[in-house]
Each structure stands twice: as structure tokens, then as C-alpha cells.
1. As a test question: what accessible area, to the nearest 10 Å², does LEU20 have when a 1.4 Å probe is rolled over all protein chains in place?
2. Looking at the chain, do any whole DSSP H helices span at least 30 angstrom along their long axis by alpha carbon and average -1.0 or above on Kyte-Doolittle, and which?
3. So, in Å, what gap is there between the alpha-carbon centers of segment 16-44 and segment 93-131?
4. Return one whole number: the accessible area per residue of the chain in Å², for a 1.4 Å probe.
5. Taking θ as phi - 60°, what are the ³J(HN,Hα) couplings along segment 78-86 by the Karplus curve (6.51, -1.76, 1.60), each to the nearest whole Hz, with x for Gly and Pro?
6. Just the number, please: carbon plus sulfur as a percent of the accessible area of the chain, 1.4 Å probe, no ligands or DNA/RNA counted.
7. What dipole magnitude, in Debye to the nearest 20, does the chain give about its Cα centre under +1 on Lys/Arg Cβ and -1 on Asp/Glu Cβ?
8. Quick check on packing: order 57-63, 109-115, 88-94, 99-105 by the mean number of other C-beta atoms within 10 Å, highest mean leading.
Amino acid sequence: GHGVPILYRQKVMIEAAEVLRDLVDRYPSSDKVDDAAFLLGEIHKEYLPGQETIAVKWYERCWVWNPQTPHPARFQAAVVYDYRLHDRDRALELYRATTQVETDNQSNLRFAQRRIEELTTEKRASQASSR
């Protein structure tokens, strides 16, 4: 990716993902495994086109491996399901989880609350029109 920043970053991110996956494989009981999983989700979401399903799997591992993770894994997964995978039901479920568990980031919390209202309204309208 010489001279093309996006390609350079993608190469670096692929290398970083390999290191993080190696850490997860070598030290699965580490208290840092959720950190690695969250970072892997971020890399797959932001730097590797078409990797959204892999990104959400890493985000999900993050909170499964550490339910009290300080990372906004549920929120990030909700956004990917909402805007990239268009799975509004799963997004709604995760936005709701965000408002219950990931309450430290007020911006994320406000966004999740707004999307819950919007998606709920859309769902009701869709159900009403299909009757």
C-alpha cells in the first residue's frame, strides 16, 4: 500500500488481527481476552471490508468472555447489525442490552435510546400495515 494510506492501514490491521488472534489462542484464560476480542471486532468492522459478521462474532465473544467488560461491545455490535447487516431485531435487542449494561458512555447511551424508539416505532408501523 505504498502511498495509499487505506491500503497501508489495512495491511497493518491484518497484521494486528493476526497477533490478537494468536494471543486469544495462546492465553484463552487471560483477563485480557475480552480486550483482544473487542479490538478484533473493531479491526474487522473498520478496516476489513465485508467482514461485518466476523466483527459481531468478536464483539459477542468480548462480552461472553467478560460480561462486565469495559468495552462498548454490545453497542458496537448493535450498530453493525442495525446499519450494515440490516438485522433490526438483533440490533434492537443489543441496543436494549446497551442501556442496561453499558451505561458509562453517555453518547452511546443516548444513541441507543434513540434507536430503540425509532426501531420500535418502525416495527409497530410495519406490523400495523401488514394486517
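1. 30
2. Numbers: long enough: 5-26 (31 Å, 0.03); 106-129 (34 Å, -1.25).
What comes out of the filter, once short or polar helices are dropped, is 5-26.
3. The two parts, judged by their Cα centres, are 29 Å apart.
4. Working: 8100 Å² over 131 residues.
Spelled out: the 1.4 Å probe surface of the chain, per residue, equals 62 Å².
5. With the stated coefficients, segment 78-86 comes to 4, 5, 5, 4, 5, 9, 10, 9, 6 Hz.
6. Details: 4150 of 8100 Å².
Heavy-atom surface of the chain belonging to carbon and sulfur, 1.4 Å probe: 51 percent.
7. 440
8. Numbers: 57-63: 22.1, 109-115: 16.9, 88-94: 18.7, 99-105: 14.0.
Top of the packing list down: 57-63, 88-94, 109-115, 99-105.
The values are calculated or read from the model by the stated rules, or taken from the named source; none is laboratory data. Keep in mind it's a predicted model, so treat the numbers as computed, not measured. Don't worry about glycine lacking a Cβ; one is built from the backbone with ideal geometry, like all the others, and counts go over all protein chains shown. These area figures cover heavy atoms from the full protein model, side chains too; ligands, DNA and RNA do not enter into them. Shrake-Rupley method; radii C 1.70, N 1.55, O 1.52, S 1.80 Å.
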